[in-house]
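To keep things clear, I will list the structure first and then write my remarks on it.
The values are calculated or read from the model by the stated rules, or taken from the named source; none is laboratory data. Predicted, not measured: the structure shown is a model, and the values here were computed from it. Note that we place each Cβ from the backbone using ideal geometry, even for glycine, and neighbour counts take in every protein chain shown. For the accessible areas, the whole protein counts, side chains as well, though only heavy atoms, and no ligand, DNA or RNA atoms are used. Shrake-Rupley method; radii C 1.70, N 1.55, O 1.52, S 1.80 Å.
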Amino acid sequence: MNEAFRLLFDQVKSGVVWVQRDGIVRYANKAAVQMTPVMLGRTMLDPVAERTVKAAGQDMLQLPFSFELTTQEAHPDAIRAVVIGAPVGKDLMVVLNNVSQERWYSQALENLIGYVEAEMAKPIDALVKKLPHMATLVGGASPPPDVATLVREAAELSSKLGKLRDLVSVFGESAIQRDERILLPQLLAKALAEVRHLAEGRNITVATSGLEDDLPAVYGSSHWLSKAMSEYLEQSIRSAQPGGLIELSVQSVGTRVMVRARNQGLFVSNHERRSAFAPFGVGDTRVPSDKRQGIGLALSQRILEQHGGSVRIEDDFEGVDFVLEIPAGAPASQDAQLSVEQAQRYARDMSLLMARSMSKRVKLE
């Protein structure tokens, strides 16, 4: 076996067993040995694995072929196995993953979220609502600095827990689309009001353009799209240099509307671009906790995807753009049968989109 492949497979977390077409094991990494009994120079000792590999070696199975094993313990784990062709030659490989561990972690996460919701989020929300009144009782119109700081920090903690609840809710639902007709200027104005305190705290100016144009309506859930927009703007502000400028523009392109937040003079690496959409930003990273990405863009991306849109990061020599794209003119999907009034409304919006597109073509010609 190639030494480079051996070094590679020794590093992966999945179990990897390299076998000849007659079922003889040529290599097994440490993870594989922990999941199923194997010995070099012999067939796989698990009878199900042995029969499956031999059948694959005789071309009786279509690859890749999936099957399940169980560990030989008092309390066995379930192992998901897949037979595939080896990277070189005509040999086969069996890739193993512990399904029981995956299910345990998934259940643990669900339990954790339930605990956060029941034991932390609701009591903190109730406390946050009471704190301003308590601060007034303590210090009148001008509460002491320590009390004012306590109120602000409690509100920030409540906001973070709310984002966690939203993320779980949005990833747990199969669909969140609604057929509400939403005007973008109003949606953006609401989102800008929600992030104004953050921009002011970092001395960042947000200059808008295109909001006065005759923008087409978008359809979906005003509740969730509002959250997506505010999270998108918040991430744009957090990524900008303190004291900088964000140019926020809205443009209709065909049957889609693009919202673009441009930060001047910044660069985003490919690694940062990928990690920006990973919630929490924890794991095998050396980035200090105060500089890690939060929930924002992951939540925004998920909401936009369920509305047929997208969120992405673009950069050039002059700046970095956070781009949010939403379908316009009609719902991305329609779960219920349309009423006559709704159908007429959608038709009017689509007609306006077509007229706007034709008008732009005439100007260009």
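If I ask for residues that are open to solvent by 10 Å² or more (accessible area, probe 1.4 Å), part of a helix (DSSP H, G or I) and not aromatic (Phe, Trp, Tyr), which ones from segment 200-232 would you list? Glu200, Gly201, Ser222, His223, Lys227, Ser230, Glu231 - these are the residues of segment 200-232 that are open to solvent by 10 Å² or more (accessible area, probe 1.4 Å), part of a helix (DSSP H, G or I) and not aromatic (Phe, Trp, Tyr).
The set of residues from segment 65-94 being under 17 Å from Phe9 (Cβ atoms) and modelled with pLDDT of 90 or more comprises Ala81, Val82, Val83, Ile84, Gly85, Asp91, Leu92, Met93, Val94. Among the residues making up segment 127-183, a single one is within 27 Å of Ala217 (Cα to Cα), at pLDDT 75 or above, of a type in the set (A, V, I, L, M) and in contact with a Ser or Thr (Cβ under 6 Å, 6 or more places away or on another chain): Ile182. Looking across segment 12-71 at every residue that is touching a residue at least 24 places away in the same chain (Cβ under 8 Å) and aromatic (Phe, Trp, Tyr), the one that is farthest from Leu96 (Cα to Cα) is identified as Tyr27.
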